Amino acid sequence: MSGLNFRRLGAVARKEFIHVLRDPRALGIAIVLPMVMLMIFGYALTMDLDRVPLAVWDQSRTPQSRELVSRFEGSRYFSVVARPGSYGEVEGDLARGRTMMAVVLPVEFGRRVASGRKVQVQILTDGSDANTTTLAISYAEAIVRNYSQELLVEKTRRITGRPPALPLDLRFRAWFNTDMESRIFIVPGLIAVIMMLITALLTSLTVAREWETGTMEQLISTPIRGSELILGKLAPYFAVGMVDMLLSVLAGRFLFDVPIRGSLLLLFAVSAIYLVGALSLGILISAKAKSQLLASQFAFVATFLPAFLLSGFMFDIANMPKALQVVTYLIPARYFVAFLRGLYLKGTGLAELWPECLLMVAFGALMLLSAIRSFKKRLA
Amino acid sequence: METVRTQALTRRFGDLVALDQLSLAVEEGEIFGLVGPDGAGKTTTMRLLTGILEPSSGEAWVDGLHAVRDAEAIKDRIGYMAQRFGLYPDLTVQENIDFYADLYEVPKAGRGERLERLLAFSNLTPFRRRLAGNLSGGMKQKLGLACALIHTPRVLFLDEPTNGVDPVSRRDFWRILYQLQQERVTIFVSTAYLDEAERCNRIGLLHQGRLMACDTVDGVKGLLQGALLEVRCESPRRAAVLLRAAKIGNVALFGDRIHVLAEDADRGRSSVEAILRVEGLACHGVDVIEPTLEDIFTSALPSGAA
């Protein structure tokens, strides 16, 4: 690191900028790919349950049964798409995936409700997707329980002349994501994952390309130093990465309507640190692989998979096996995901997020130093 | 003063000995040619001397600096042109030269002048805005040379610089090297072309990692003991087989002629004529000729190698 020569650093940076700007295809990919990924994952990965396709078989056809059915119809979580007339039809719809759930009201439903007696409501679901089914069942349960409670209140009022006072009154309110839209939770984490992948991919080619085309042999015969070469190579990709970050934040804000509650300055400052780490990781991979194909494949496996699966973006870290939880501490995306979520959703700043920021600084510094050290001015 | 010196310089790659105990010295201002077929160890020697490859054993000094201990200091004083075109195809001629000028910290003052001179010298002036990737083979090599010369090196290492270059560009290239020699630049060049080796002040013959001879071109030719006979006859291919079987000396086929290295000119001539007569092959003439480097190679190297 001793004696960093800014002229040589500048020369490398200028050359790398030219490489980037004269390869419009690569530049296009660098800008468009993160946007495409944001769109695909942002829209596809929503974990909200909306309009579950529902079949209703009302065998009773009474005002009471129609009342319950209308509550399903009125719910935003369900959409009644079939009115089967037999269990055969119910099963057929579920099997074909036309519906995900079926509500079956028995013939005696209306009569028993009217006379204040207990009656069963049957709900059949397609259990293959356990998560979605569990969610759907809880929504259905709520609707049925609500109706059941209203019937009870009505009955008591008829007998005693006044409505009963329920012993517990639950008032529920979600903070930070008031409407509990998963999009608002997903987009900040997604930005972290995408930035990790795209930046490491960008730089994973740069050093390997010089080895492959033979320019590296010429380069190492000059007085250039590792620090000058690596920092010079980082410069243009850092610029591209920051543009990607800016576009992602803009898309998150205006396309996905995700509010940013924290400081924008802090957001970009920490992103810059994260970028340096991810870009350096790409260079490190590139210097070790010495082949563009190997480097880009390795960069993909080394960044995307852990960032996607182990960062807490997709799966809650607290629910992972202990051994895997330990591994997640080594995944820098984990800290960036936590940081972005905190900053986006809760508006927290350095006061709460300093451990994450500190670890990202450590990651960035470690990667940068390793990348510089990985550059050997020797063949073989 | 010796600008390049090696002492039992050896490099192994696994079991393969790429360079075996190379010891040689190159004087300041000399054009020294390292001559040998592919795989002789020329590129390995170049890489060891430019400090980008470490020797397995032995030592080397360039411009008084040790090739391993002072490898980085050496890099300021040398220009190196690798065998493979090492410039950036998506940068223009001028951008490539500027890049290397900055790496070598060539002062901005006077750089323009030097650049103009180098461009003019290599006939690249009209192409300065052209992308290096769009240059012809000969122009690429001249651009490589210009990049290696931008910082006025004391020693220039050129690894097969004219490989695959047309004859006109080759002549241009050598004209530039002679001009550099006027400026006391030491030039260490490797080549597989024997006609090109004849342009060097001194040459070293390298074969399978070993230095077979090291002298002036005439000196190396003088190493050939005996007289070289050129035989022109009917069915040269068959005749060569017969002469080789008769063991009258080293026999090599050059197109439709046979070169025979005999101990004595007259006795050699009569034995050749006698052998051909017995086999009934018409002999059109047997002349004593001046050896070329190719003869040196075919006689000095184990048969079948050259």
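A short reminder: the numbers here are calculations on the coordinates, not readings from a lab. Note that the structure is a prediction, hence the values are computed from the model and not measured. Cβ atoms come from the backbone with ideal geometry, glycine included; neighbour counts cover every protein chain shown.
In segment A:52-160, what percentage of the DSSP-assigned beta bridges are antiparallel, given to the nearest 5? Intermediate values should be presented prior to the final figure.
Working: 4 of 13 bridges.
Restricted to segment A:52-160, the bridges split so that about 30 percent are antiparallel.
Residues in segment A:26-65, backbone N under 18 Å from the label point at residue A:243 (7 Å along the Cα-to-beta-carbon vector): list them, ranges by number please. Within reach of a label on residue A:243, which here means backbone N under 18 Å from a point 7 Å along Cα→Cβ, segment A:26-65 contributes A:26-38.
Mind running the shape call on segment B:226-290? Use the C-alpha gyration tensor, a ≥ b ≥ c as the square roots of the eigenvalues: rounded below 1.5 for a/c, prolate if a/b tops b/c, oblate otherwise. It would help to have the intermediate numbers written out before the result.
Details: a/c = 1.42, a/b = 1.26, b/c = 1.13.
Rounded is the answer for segment B:226-290, as its axis ratio a/c remains below 1.5.
Using θ = phi - 60° in the Karplus curve 6.51 cos²θ - 1.76 cosθ + 1.60, the 3J(HN,Hα) couplings for segment B:91-98 round to 10, 6, 3, 5, 5, 4, 5, 4 Hz; x is entered for Gly and Pro. Distance between the pseudo-spin-label points of residue B:182 and residue A:115 (7 Å out from Cα toward the beta carbon): 12.4 nm.
Cross-link partners for residue B:142 among the lysines, with Cα-Cα distance under 21 Å and sequence neighbours closer than 8 places in the same chain left out: A:15, B:42, B:75. Output the 0 to 90 degree angle, nearest 10, between the alpha-carbon long axis of helix B:137-149 and the longest principal axis computed from the alpha carbons of chain B. Around 60 degrees separate the two axes. Only lysines eight or more places from residue A:288 in sequence, or on another chain, were considered; those with a Cα closer than 17 Å are A:233, A:376, A:377.
Available extension along the chain between residue A:352 and residue A:172 is 62.2 nm, counting 0.36 nm per residue and deducting the alpha carbon span. Result for chain B in a Gaussian network model with C-alpha springs under 10 Å: among B:27, B:290, B:196, the largest mean-square fluctuation is at B:290.
For segment A:52-160, the Cβ-based charge dipole about the Cα centre amounts to some 560 debye (Lys, Arg positive; Asp, Glu negative; other atoms uncharged). Placing a label point 7 Å from the Cα of residue A:261 along the Cα-to-Cβ line, the residues of segment A:345-366 whose backbone N sits under 16 Å from it are A:345-353. Taking R0 as 60 Å, what FRET efficiency do you get between residue A:379 and residue A:160 from their Cβ-Cβ distance, rounded to the nearest 0.05? Rounded to the nearest 0.05, the efficiency is 0.05.
Output the antiparallel fraction of DSSP beta bridges having both residues in the protein assembly as shown, as a percent to the nearest 5. The antiparallel proportion sits near 60 percent.
Anything in chain A that counts as a DSSP H helix reaching 24 Å or more along its axis (C-alpha) with Kyte-Doolittle mean of at least -0.5? List them, would you?
Qualifying helices, which must be both long enough and hydrophobic enough, are A:24-44, A:130-160, A:182-204, A:226-254, A:264-289, A:350-374.
When the dipole is taken about the Cα centre of the protein assembly as shown, and only Lys, Arg (+1) and Asp, Glu (-1) are charged at their Cβ, what size is it in debye, to the nearest 20?
On the way: 77 positive and 70 negative charges, 602 e Å.
Using Cβ point charges on Lys, Arg, Asp and Glu, the protein assembly as shown gives about 2900 debye.
Positive-end ranking of B:46, B:227, A:95 along the dipole of the protein assembly as shown, with charges on Cβ about the Cα centre, is headed by A:95.
Peptides B:7-19, A:289-301 ranked from most to least packed give A:289-301, B:7-19, packing being the mean of other C-beta atoms within 10 angstrom over each peptide's residues.
Residue by residue, segment B:250-267 carries 3J(HN,Hα) couplings of 5, 10, 9, 9, 10, x, 9, 10, 10, 9, 10, 9, 10, 5, 9, 4, 5, 5 Hz when phi is fed to the Karplus relation 6.51 cos²θ - 1.76 cosθ + 1.60 (θ = phi - 60°); x denotes Gly or Pro. Listed from fewest to most Cβ neighbours within 10 Å, the set B:221, A:322, A:155 follows the order A:322, A:155, B:221.
Taking B:110, B:29, B:133 as the candidate residues, the one with maximal mean-square fluctuation in a Gaussian network model of chain B, Cα springs under 10 Å, is B:110.
Please arrange B:287, A:244 by counting, for each residue, the other beta carbons lying within 10 Å of its beta carbon, fewest first.
The order, fewest Cβ neighbours first, is B:287, A:244.
Return B:151, B:66 ranked ascending by Cβ neighbour count within 10 Å, so the fewest neighbours appear first.
Ordered by Cβ neighbours within 10 Å, fewest first: B:66, B:151.
Taken along the Cα-to-beta-carbon direction at a fixed 7 Å, the label points for residue A:108 and residue A:135 span 3.7 nm. Annotation for residue A:320 and residue A:269: the two label points, set 7 Å from Cα along the Cα-Cβ direction, are 2.9 nm apart.
Considering only A:262, A:342, A:161, the Gaussian network model of chain A with Cα springs below 10 Å gives its largest mean-square fluctuation to A:161. Computed about the Cα centre, the dipole magnitude for segment B:2-221 is approximately 440 debye when only Lys and Arg (+1) and Asp and Glu (-1) carry charge, each at its Cβ.
Roughly what % antiparallel, to the nearest 5, for the DSSP beta bridges in chain B? List each step's numbers first, then the result.
Working: 38 of 56 bridges.
Just about 70 percent of them are antiparallel.
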